[in-house]
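The values are calculated or read from the model by the stated rules, or taken from the named source; none is laboratory data. Predicted, not measured: the structure shown is a model, and the values here were computed from it. So basically every Cβ, Gly included, is an ideal-geometry build from the backbone, and we count neighbours across all protein chains shown. SASA here: full protein model, heavy atoms, side chains in, ligands and nucleic acids out. Shrake-Rupley method; radii C 1.70, N 1.55, O 1.52, S 1.80 Å.
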Amino acid sequence: MLTRSRRVWEVSEGKVTPEAIYLRRRNILGAAIGGSLGLSFPAVADEATRFSDAVYPARKNPAYGVDRPVTAEKLVTSYNNFYEFGTSKDIADAAQMLKTSPWTVKIAGLVEQPRDIDIEELVKAMPVEERIYRHRCVEAWSIIVPWTGFPLKALVDYARPLGSARYLKMLTFNDPSMAPGQQSFLYSWPYVEGLTLAEAGNELAFMSIGVYGKPLPNQNGAPLRLTIPWKYGFKSIKSVVCFEFTDERPKSFWEALQASEYGFWANVNPKVPHPRWSQATEEEIGTGQRIPTLLFNGYAEQVAGLYTDLENEPLYR
Ligand SMILES: Nc1nc2c(c(=O)[nH]1)N[C@H]1C(S)=C(S)[C@@H](COP(=O)(O)O)O[C@H]1N2
Ligand SMILES: [Mo]
C-alpha cells in the first residue's frame, strides 16, 4: 500500500530545467576530485549523537496536539523523503551511513558573533519539549508525529541577528561519501531552505532532535531538523549544519530545480493545486484514508497573520 509504482512529483528527466543541467556541470568537477581521493563508505554506521539524559523524557507541551491519533512510529521511520539517500521512500537503511557525531552547527551571516557550536552544547541552551504536529507532504500524503525539540525562535534569539537580517537560510550537510544521492548531478547540493525571520519567530516553527520520545533516527533528519507544520514537507529541512542570517531571500533546493512547482513560501492550501495534481485532499499514511487538506495545514489561527501584506506573492506553492 505504501509503495506506489510511480510518484507523480518525482521530476522526470524531461522536466529538468536548464538551470539544473547547468548546476550539474558545475558539480562534476567536485565529484571527480572526491573520486580521485578514493573516498569510500565506512563499513558500519556511527552511533547517533547522544544528548544529555536530561532531554528524555521531554515535557509534553499540551498546547500543541492534534485531534487524530499519531501515526505508527514504524511508518514514520520507514517511509521517508531524504534525497541525499535516494529518491524512493525506502531510504532508512541507506541513511545509516550518515555520521551524526560529532555534529557542529554553524551560525553565520548577519549576526553579532558568527560561531560554530557543537550540537550537544546548543541543545543544552535550548528549552526542549515534545509537541505533536501534522506533517503534510506536497505529494499529498500526511502523518502525525510527536517531535522532541525546541522553538526555532530560541535558536534565533541565541544567534542574535543584526537588524539588517531578514531571512534565515538553512543548509543540510554535503558529503557524497556518506550520502550517495549527493553524487547525482541532477540536483544542486547541499539541500537548502529558508524562512523569513517573521516565520522563524512564529511559535510553531520548531527544531526537532527527536521523535516518539527518542533521538531522531538518521532517516528522519538526525541530529537536528526543521519542523515547520503549516508548510509543505519539503520546507522541513533535515540534518542541518548551518543557520545563515541574510538580507537576501534564499533559493531553496526544490525551487532551484523546478521553480514553477516548488516555491519559497509553500504554505499548505487545499484550494491551490500543484501544477500536476490536486492539493484538496491527502492520504493519511497508515490508515489509508483520504482526508480533506486544511488551509495552512490546520494552523491558520497561528500563522495567517504572517501573510496579510503579501497577497501578491505566490504563497501557496
Ligand atoms: N535534506 C533534506 N531534507 C528534507 C528532504 C530531503 O530530501 N533532504 N525531504 C523533505 C520532504 S519532501 C519531506 S516530506 C520531509 C520528510 O520528512 P520525514 O521523512 O521525517 O517524514 O523532509 C523534508 N526534508
Ligand atoms: Mo515532501
Please specify each residue of the range 61-104 satisfying the condition of being among the charged types (D, E, K, R) and in a loop (DSSP other than H, G, I, E, B). D67, R68, K89, D90, D93, K99
Of (1) out of contact with any Phe, Trp or Tyr (no Cβ under 7 Å at 6 or more places or on another chain); (2) within 14 Å of ligand 2 (Cβ to nearest atom), F234 satisfies every one except (1)
Would you call P217 within 13 Å of ligand 1 (Cβ to nearest atom) and in contact with a Leu (Cβ under 6 Å, 6 or more places away or on another chain)? no
When the range 134-164 is examined, which residues are found to be more than 16 Å from ligand 1 (Cβ to nearest atom) and either modelled with pLDDT under 95 or open to solvent by 10 Å² or more (accessible area, probe 1.4 Å) (or both)? P151, K153, A154, V156, D157, Y158, R160, P161, L162, G163, S164
Suppose we keep only residues that are of a type in the set (S, T, Y) and touching a Lys or Arg at 6+ places or on another chain (Cβ under 8 Å) within the range 49-77. Which one would you say is modelled with the lowest pLDDT? S52
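Just the residues that are among the hydroxyl-bearing types (S, T, Y), open to solvent by 40 Å² or more (accessible area, probe 1.4 Å) and closer than 16 Å to G210 by Cβ, please, taken from the range 65-109.
S101
Return the only residue of R317, R290, R225 being in contact (Cβ under 8 Å) with a residue 24 or more places away in the chain and of a type in the set (K, R). Spell out how you get there, then give the answer.
On the way: R290 fails: in contact (Cβ under 8 Å) with a residue 24 or more places away in the chain; R225 fails: in contact (Cβ under 8 Å) with a residue 24 or more places away in the chain.
That would be R317, the only listed residue that is in contact (Cβ under 8 Å) with a residue 24 or more places away in the chain and of a type in the set (K, R).
Of everything in the range 126-146, what is hydrophobic (A, V, I, L, M, F, W, C) and within 16 Å of ligand 2 (Cβ to nearest atom)? Give them in sequence order. Steps first, answer last, please.
In the first step, residues of the range 126-146 are kept if they are hydrophobic (A, V, I, L, M, F, W, C); the result is 126, 128, 132, 137-138, 140-141, 143-145.
Matches in the range 126-146: C137, V138, A140, W141, I143, I144, V145.
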Is there any pair with a first residue in the range 135-164 that is under 18 Å from R115 (Cα atoms) and a second that is of a type in the set (F, W, Y) and at pLDDT 95 or above whose Cβ atoms are under 8 Å apart and which are 6 or more apart or on different chains, and what are they? L152/F206; L155/F243; A159/F243; A159/F245; P161/F245; L162/F245
